[in-house]
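Enquirer: Sending over a structure as structure tokens; questions will come in a sec.
Any read-out appearing in this document is the output of simple, stated calculations on the displayed coordinates, not a laboratory observation. Source: prediction; values computed, not measured. For neighbour counting, all protein chains shown are included, and Cβ atoms are generated from backbone atoms with ideal geometry for every residue, glycine included.
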Amino acid sequence: MKISKVREKVLGTEHKDTLVAKHDLAGTHLALGNIQEAVQILKEILPVLERIFEYDHAYSRNARTIVRLYCNDVISNYGGNLKS
């Protein structure tokens, strides 16, 4: 977490290196089973990823897929509704 915070402070929230660090941090959280934390990070950076890296870039696609997958899974388990 510290590395992404340092990059954010030094480089700015929309710098590519900051976004990659946060994307990787979310991946680490996901691998450790911290799904809510991973999805929260990806939801925060997804609009910026799509703007800076473009919509079809691997980082954007990956983040979008994970958010949709886990949000839909959580929602279907609790009978809720997800609007994109």
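Enquirer: Order of 48-57, 18-27 by packing, highest average Cβ count within 10 Å first?
Expert: Averaged packing, sorted descending, gives the order 18-27, 48-57.
Enquirer: Quickly work out the V6-to-Q36 label distance, labels modelled 7 Å from Cα along the C-beta direction, and quote it in nm with one decimal.
Expert: 2.9 nm
Enquirer: Tally Lys/Arg at +1 and Asp/Glu at -1 over every other residue whose Cβ is under 14 Å from the Cβ of E54; what's the total?
Expert: Charge balance in the 14 Å sphere: +1.
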